[in-house]
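These notes are about the structure you will find just below.
Values in this text are rule-based calculations from the coordinates and carry no lab data. Since the model is a prediction, treat every value here as computed from it, not as a measurement. Cβ atoms come from the backbone with ideal geometry, glycine included; neighbour counts cover every protein chain shown.
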Amino acid sequence: MLRYIQRMGPGLLVAAAFIGPGTIVTASRAGASYGTALLWAVAFSAVATAVLQEMAARVGLVTRRGLSDALRQSLPSPVLRWLSLALVAVAITFGNAAYETGNLLGSSLGLEILTGVSPRTWSVVIASCAFALLWSGAYKVIQRVLIALVLFMSALFLVTAASVQPSLSELATGLVPTIPSGSLLTVIALIGTTVVPYNLFLHASTVQEKWSNASTEQATRESRWDTILSVALGGLVTAAVVVTATPLTGVENLGAMATQLEPILGRGASTFFGLGLFAAGLTSAITAPLAAAYAASGALGFEATLRGTGFRLVWGFVIVTGCGLALAGGSPTEAIVLAQAANGLLLPLIAVFLLVVVNNEALMGHFRNRARTNILGAIVVLVVSGLGIYQLMRVFGAV
């Protein structure tokens, strides 16, 4: 078991990135409002994420470029190329700065539940820890810290879900696609909080570090299993949060959820939930600026290495901006709206681009997509495109 854990790679970074406070809030509300009826949406999200992330990882391993670099090489028109790269750099950098605010506040709330100390104080501490870890430039250290946090968080939420003692029939029924009255927005939120564009850039770049000395055949094979198992674990954790929240009468905030779990989990409810929320926020607080740095560096032509000056400027901007918004207090509504708009615009664009690239025989050779993968990819692209359009329409008040 220990040997397998040591061999796990960037797939767990992806899981660490999408299991953040936003995922926990969304999954909690899904469970409290609809019981296990939306578990199918969690399962679909995990499958869609695994399909797209496997493609992104394969592009990185075969081309030995980040996704932004591959975009630069693949678009023939200079105008279209620079417009696309500018959109990627600006939207992901500023969007991740907004997400970083939620990551820091969510992680800080977990520590507030445990200690009673103000979230603003903890936001500075957590931002400083993320800054120091990324400044170290030690990829293996960062990966090991994130793997440890993901496994720790997974154990906590799986234990809390088991304590609820859901019946197998309820779980099985929840895997049958249905949309209860009033649940459409929650379904969209569950998918949108899991399938996110910046993880594609993170994955395409980090696999090159992990399998730098392996043959392409070996690297793509091992990376595929790493992706499937890691994303499945992330989906299982999200499902565990849904199940944990099913006995609750409603989730106004995460602190209230910890309190409502006490009759089920006993006096340790707050400790379990606080630790899990802290781990979820911290992992995302590290991966969000890291992903933004990989995406923006590739788009702007910076050296995409952990110790590169431009690389550090990007992730530093994300952390400092996120911390500043967290310290400002309240809900950074405008920043969150910007993040939603960026995600809604980028997700279908990047998904389509990714599908085109992995079918490019000149670029991918015999590692290009096969028919079965293309069918899965096309389904995912259609769904995430619809999701992206709907998110944009919501942001601008059209629905």
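Between E209 and Y139, the modelled labels are 0.6 nm apart [label points 7 Å from Cα along Cα→Cβ].
Our estimate of slack between Q73 and S385, defined as 0.36 nm per intervening residue step minus the Cα-Cα distance, is 109.9 nm. Applying 1/(1 + (r/R0)^6) with r as the Cβ-Cβ distance of E217 and A378 and R0 = 30 angstrom yields a FRET efficiency of 0.70. Rounded to whole numbers, the Karplus 3J(HN,Hα) couplings from phi for the stretch 161-168 are 5, 5, 5, 6, 6, x, 7, 5 Hz, using 6.51 cos²θ - 1.76 cosθ + 1.60 with θ = phi - 60°, and x at Gly and Pro. Here's the picture: charge each Lys and Arg Cβ at +1 and each Asp and Glu Cβ at -1 in the chain, and of A148, L61, V380 the one pushed furthest to the positive end of that dipole is L61. When only the Cβ of Lys, Arg, Asp and Glu is charged (+1, +1, -1, -1), the dipole of the chain relative to its Cα centre reaches about 780 debye. Helix 269-300 and the longest principal axis of the C-alpha atoms of the chain enclose an angle of approximately 20°.
Ranking L109, L133, A70 by Cα position along the charge dipole of the chain, where only Lys, Arg, Asp and Glu carry charges on their C-beta atoms, puts A70 farthest toward the positive end.
Helical content alone sets the calculated 222 nm signal of the chain at -26500 deg cm²/dmol, taking -39,500 (n - 2.57) per DSSP H segment of four or more residues and averaging over every residue.
If I compute semi-axes √(5λ) of the Cα gyration tensor in Å from the structure I just sent, which labelled value in (i) 53, 33, 19; (ii) 31, 24, 21; (iii) 39, 26, 18 lines up? Looking at semi-axes √(5λ) of the Cα gyration tensor in Å for this model, the match is (ii). With a cut-off of 13 Å on the backbone N, the residues of the stretch 347-385 near the modelled label site 7 Å out from L80 along Cα-Cβ are 353, 356-357. With Cβ to Cβ distances under 14 Å as the rule, what net charge do the other residues near N369 carry (K, R +1; D, E -1)? Once positives and negatives cancel, what remains is +3.
At full extension, S167 and S128 could sit 9.7 nm farther apart than now, given 0.36 nm per residue minus the alpha carbon distance.
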